[in-house]
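Everything on this sheet refers to the single structure shown next.
The values are calculated or read from the model by the stated rules, or taken from the named source; none is laboratory data. Every value quoted in this text rests on a predicted model; they were computed, and no experiment measured them. Here Cβ is always computed from backbone atoms with ideal geometry, including for glycine, and neighbour counts include all displayed protein chains. Just so you know, the surface numbers come from the protein's heavy atoms only, side chains and all, with ligands and any DNA or RNA stripped out. Shrake-Rupley method; radii C 1.70, N 1.55, O 1.52, S 1.80 Å.
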Amino acid sequence: MMWSGLDTMFLKGRVPFTFQHPHPDHAMTQPAAMHKPIDYPKPDNEITFDILTSVSRTGTNHAEDQPVHLRLKDQTVEIRENLPVYAGPEQRFCPAGVYEYVDDEANPGKKRFQINSQNCIHCKTCDIKDPAQNIDWTVPEGGGGPQYVDT
């Protein structure tokens with residue numbers, strides 16, 4: 001924290017080096033069996049808010065006829081690998097709740113992977129954090145990304 005203050009206040013980000021991590025972020029994701037589940041508190045609507053409220057506050061806009069910018073390289077990887085090994089990390093690392101594992105009505109007792117791309121706030125976390133590197137995030141057309149404003 002001291003380094004962040006020094007770098008921001010005095011050096012203004014002009015240092016001849018950057019801190020490096022030896023592995024890509026997705027490679028550091030560990031199997032869910034190695035950790036206990038986190039019980040997140042419910043939003044209090046004062047400091048923390050539910051996902052839909054947070055998404056609406058970003059001002060991100062998606063045209064109805066806009067081409068899909070979130071694609072899976074292999075449609076089976078999430079159900080075959082990410083759900084059983086990592087307990088479906090997509091539904092936790094995405095800040096906008098774009099990814100869900102929902103009950104498969106065609107196959108009772110099984111789950112299917114659902115992408116709610118209209119919620120996407122274009123943060124690119126899925127492209128960086130997916131352990132299988134199966135989600136292909138491309139730049140959406142139209143400049144409808146986050147429009148944050150001071151309130």
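Please enumerate the residues belonging to the stretch 57-67 that are loosely packed, with under 12 Cβ neighbours inside 10 Å and under 20 Å from the mean Cα position of the chain (by Cα). Quick ask: steps written out before the conclusion?
To start, the set of residues in the stretch 57-67 that are loosely packed, with under 12 Cβ neighbours inside 10 Å comprises 63-65, 67.
Selection gives P67 alone.
Given the criterion of a type in the set (D, E), more than 17 Å from I115 (Cβ to Cβ) and out of contact with any Ser or Thr (no Cβ under 6 Å at 6 or more places or on another chain), identify the matching residue among D74, D65.
D65
So which residues in the stretch 87-127 are farther than 21 Å from T53 by Cα, among the charged types (D, E, K, R) and in a loop (DSSP other than H, G, I, E, B), if there are any at all?
D104, E105, K110
Quick one: would you say S117 is open to solvent by less than 50 Å² (accessible area, probe 1.4 Å) and either more than 27 Å from M34 (Cα to Cα) or touching an Asp or Glu at 6+ places or on another chain (Cβ under 7 Å) (or both)?
Working: open to solvent by less than 50 Å² (accessible area, probe 1.4 Å): yes; either more than 27 Å from M34 (Cα to Cα) or touching an Asp or Glu at 6+ places or on another chain (Cβ under 7 Å) (or both): yes.
Yes.
Looking only at the stretch 88-98, decide whether some residue is among the β-branched types (V, I, T) and over 15 Å from the mean Cα position of the chain (by Cα). Let's see the steps before the verdict.
Of the residues in the stretch 88-98, the ones among the β-branched types (V, I, T) are 98.
With over 15 Å from the mean Cα position of the chain (by Cα) added as a condition, the list becomes none.
So far as the stretch 88-98 goes, no, none of its residues is among the β-branched types (V, I, T) and over 15 Å from the mean Cα position of the chain (by Cα).
I need the full set of residues from the stretch 67-81 which are out of contact with any helix residue (DSSP H, G or I) (no Cβ under 9 Å at 6 or more places or on another chain) and not in a helix (DSSP H, G or I), in order please. Even if it seems obvious, please write down each step before you answer.
Residues of the stretch 67-81 that are out of contact with any helix residue (DSSP H, G or I) (no Cβ under 9 Å at 6 or more places or on another chain), as a first pass: 67, 71, 73, 75-77, 79-81.
Within the stretch 67-81, P67, R71, K73, Q75, T76 qualify.
Identify, from the list P140, P108, P146, the residue that is without any contact (Cβ under 8 Å) to a residue 60 or more places away in the chain and over 15 Å from Q75 (Cα atoms).
Working: P140 fails: without any contact (Cβ under 8 Å) to a residue 60 or more places away in the chain; P146 fails: without any contact (Cβ under 8 Å) to a residue 60 or more places away in the chain.
None of the other options fit; the residue is P108.
So G5 ticks every box in (1) open to solvent by less than 70 Å² (accessible area, probe 1.4 Å); (2) touching a residue at least 40 places away in the same chain (Cβ under 8 Å) but one. Which box is left unticked?
(2)
Output the number of residues of the stretch 33-66 satisfying the condition of being closer than 16 Å to R92 by Cβ, among the hydroxyl-bearing types (S, T, Y) and outside any helix (DSSP H, G or I).
Final tally of qualifying residues: 2.
Considering P16, P84, which residue is assigned to a helix (DSSP H, G or I) and at negative phi?
Values: P16 fails: assigned to a helix (DSSP H, G or I).
Checking each option against the conditions leaves just P84.
So, in the stretch 81-111, of the ones that are over 29 Å from N61 (Cβ atoms) and charged (D, E, K, R), which residue ends up least open to solvent (accessible area, probe 1.4 Å)?
D104
Would you confirm whether or not the stretch 38-47 contains a residue that is open to solvent by 100 Å² or more (accessible area, probe 1.4 Å), closer than 24 Å to P140 by Cα and among the hydrophobic types (A, V, I, L, M, F, W, C)?
Within the stretch 38-47, not a single residue is open to solvent by 100 Å² or more (accessible area, probe 1.4 Å), closer than 24 Å to P140 by Cα and among the hydrophobic types (A, V, I, L, M, F, W, C).
Select from the stretch 9-27 the residues that are surrounded by 10 or more Cβ atoms within 10 Å (Cβ to Cβ) and under 22 Å from the mean Cα position of the chain (by Cα) and list them in ascending order.
Our first condition is that a residue be surrounded by 10 or more Cβ atoms within 10 Å (Cβ to Cβ); within the stretch 9-27, this holds for 11, 15, 24-27.
Of everything in the stretch 9-27, those that are surrounded by 10 or more Cβ atoms within 10 Å (Cβ to Cβ) and under 22 Å from the mean Cα position of the chain (by Cα) turn out to be P24, D25, H26, A27.
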